[in-house]
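Below is one structure, written out as structure tokens; the observations come after it.
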Amino acid sequence: MKPKKLSILCTAAILSMATAYAELCENLERSILPDGGYIEGPMYFRCIGRDAGLGVYYYSRALNRPLSELVPEPMRRCGDFGEAVISTDEESDVIPICDAIKAHEIASQAMMGALLPESAWARMLRKTVARSGGWPIGGGGHGSSVPAMVDAAISWGLIERLPAGSPAPQPLVSLAMMGPLVSQRKLGDAWVKLFIQGNRANAGHTHEDKGSFILEFAGETFALDPGSCDYSLPLATELRNCERHNMLVPFGVAGRPHPTCPLPVDVKPVGKGDGVAFHAELDVTSGWESYYRRWHRTWDSPSADLLTITDDYELTAGEGVEFYWQTRLPVIIDGCLAVISGVRGRVELNAPEGCAWRIDELPLLDGIQRRLAFRHAGTVGSFSVSARLS
């Protein structure tokens, strides 16, 4: 091929790639919220991290320009989303809200870590690689080994370029557009992470969990979100239900009580916090109008070792409410006291006076979900549950 013709073809190819890059940035602006959040949760964020990220990666290679010069502006905003969903559980990459599982695709982690090396994405990537013995496993994983190998190879190269160290977790993360509110504090040398689930109107792949919370402590999950599983399994539908989350559910009604899902309105916790204390509250009534005239939930944590959850409610249907706290860890019950024990930490839960805990064992694909529950009778009520971490 003549040099002039080759030059014309190369120029045309670069212009075509530039057009594709501009369209990618336009689509990202539509997909990523102004606060950097992603309303379909961490599982489907792979469409941003891996798919869009690889497009930027290949474009940077074609132009022989550093990735740092080509990070689309919408993706620059995703640091707080990574900080919100990153898990402090040693066995998990992300908190599995929405239709997620606890593992996050390695190529998505690698691309986000490379694009935002001073963010939680880089911290997540280091943790994932360390857990797998230093290898970037868990690539494509969609029925073909070739995407997995390609992803692993690219991820390995990006991991090698990460700067040493990463910033400590942020004490408070608020995704005001997406909805979640997160506290991260230390108790001794152990991290305590409290994730409160909110909702952006009409968000997809969501569960009946607005007002639910996840509590991680000392490298384990003490109050869990069960996440999801393969959609072909009946369990996937059940895991979306409010009874599988840390919720307040009416009893004494016909059928299974549940909120509207997807929820067509914003339901977002508000609060404040720092490295010592945290406070949040949420009006959870929306979507529950067939059952609640009012449901207001408050989280008070003056120090990392103490959390008090207060529920104020008034029912339009039912005889009372059941409070649910979900865990996989071993539990011992003594009346109104429940003790959840981990390897390095434990949480003591005190139910209101006159309420006794029970344990419901619910099936998961890989074990048992233990639902701690008690009943609070009455169509109007207010009560608190205290959790002591040690």
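Read the figures in this text as sums done on the coordinates, not as results from a lab. The structure displayed is predicted, hence computed values, not measured ones. Glycine also receives a Cβ, built like all others from the backbone with ideal geometry; neighbour counts cover every protein chain displayed.
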Fewest Cβ neighbours within 10 Å first, please rank Tyr44, Tyr324 accordingly. Tyr44, Tyr324
Pairs of lysine residues in the chain - Cα separation under 22 Å, sequence separation of 8 or more or cross-chain: 11
Distance between modelled label sites at Ala277 and Ala62, nm, 7 Å Cα→Cβ extension: 5.5
Degrees, to the nearest 10: 3-31 long Cα axis against longest axis of the chain: 10
Is it possible to state the helix-based mean residue ellipticity at 222 nm for the chain, with each DSSP H run of 4+ residues giving -39500 (n - 2.57), the sum divided by total residues, to the nearest 500 deg cm²/dmol? What is it? -7500 deg cm²/dmol
Between Ser290 and Ile332, take the C-beta separation as r, use R0 = 56 Å, and let me know the FRET efficiency to the nearest 0.05. 0.95
With axes computed from alpha carbons, what is the tilt in degrees of helix 106-115 against the longest principal axis of the chain, rounded to the nearest 10 within 0 to 90? 70
Arranged by the count of other C-beta atoms within 10 angstrom, fewest first, what order do Ser183, Ser232, Ser31, Ser390 take? Ser232, Ser390, Ser31, Ser183
Where does each of 84-92, 60-68 land if you order them by average Cβ count within 10 Å, highest first? 84-92, 60-68
FRET E, pair Leu364, Glu73, Förster distance 35 Å, beta-carbon r, rounded to 0.05: 0.30
Hey, can you rank 268-281, 111-124 by average C-beta count inside 10 Å, highest first? 111-124, 268-281
Taking the Cβ-Cβ separation of Thr308 and Asp266 as r and a Förster radius of 22 Å, what is the calculated FRET efficiency to the nearest 0.05? 0.30
Just to confirm the number: angle between the C-alpha axis of helix 145-160 and the first principal axis of the chain, 0 to 90 degrees, nearest 10? 90
The stretch 332-390 and the stretch 263-290: distance between their alpha carbon centers, rounded to Å: 22
Per-residue Cβ contact counts at 10 Å, fewest first, order His104, His207 as His207, His104
